[in-house]
Structure formats: structure tokens, C-alpha cells
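All of the numbers you see were taken from the coordinates with simple rules; none came from a lab. Predicted model only: the values in this text are computed from it and were never measured. Every residue, glycine as well, gets a Cβ built from its backbone with ideal geometry; the counts of neighbours run over all protein chains shown.
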Amino acid sequence: MALYVNGKNINIGRTAENYATSAAAILAQDPGRPSGFYYIKTTNGMANPQQIWCDMESGNTTTGR
């Protein structure tokens, strides 16, 4: 279930029903989220969300971390 705080979905990626499309999408909604397993369903044809390890700390030019 989505939980919105100040217009941001702070539960994105925590359940299969509230999956994210990428780690960057999770950080966009909740910038303080730590690395871990999150439910991701990419837009390139994944049939169902899968738990995928997301490194939220290494950073790049997209995430700024």
C-alpha cells in the first residue's frame, strides 16, 4: 500500500503491490532509503515485480549519491 507524505510515496518498493521501476525511482520518493532488497518491475517487459538488491550508497550522476 502506498503511503504518501508531502506528496512522496515513502513505501515504494517495499511490497510487490507497491513496486518501483528502479532504485533511482525509490530514491526520488525517499532519498534517505538505505541499500537493500526492494520490489522492482522494470518497464522493459518484466511480468512481475521481483526483489532485487539496490545499492543506494555508491552513487552516480543520476542519483547524486
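Some values worked out for this structure:
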item	result
Mean Cα-pair separation over length for the chain, i.e. relative contact order, pairs under 8 Å, 6 or more apart, %	26
For Kirkwood radius over Cα pairs in Å, calculated from these coordinates, the label among (1) 13.1; (2) 11.9; (3) 11.4	(2)
Peptide ranges 4-12, 34-42 listed from the most packed, as the mean C-beta count within 10 angstrom indicates	34-42, 4-12
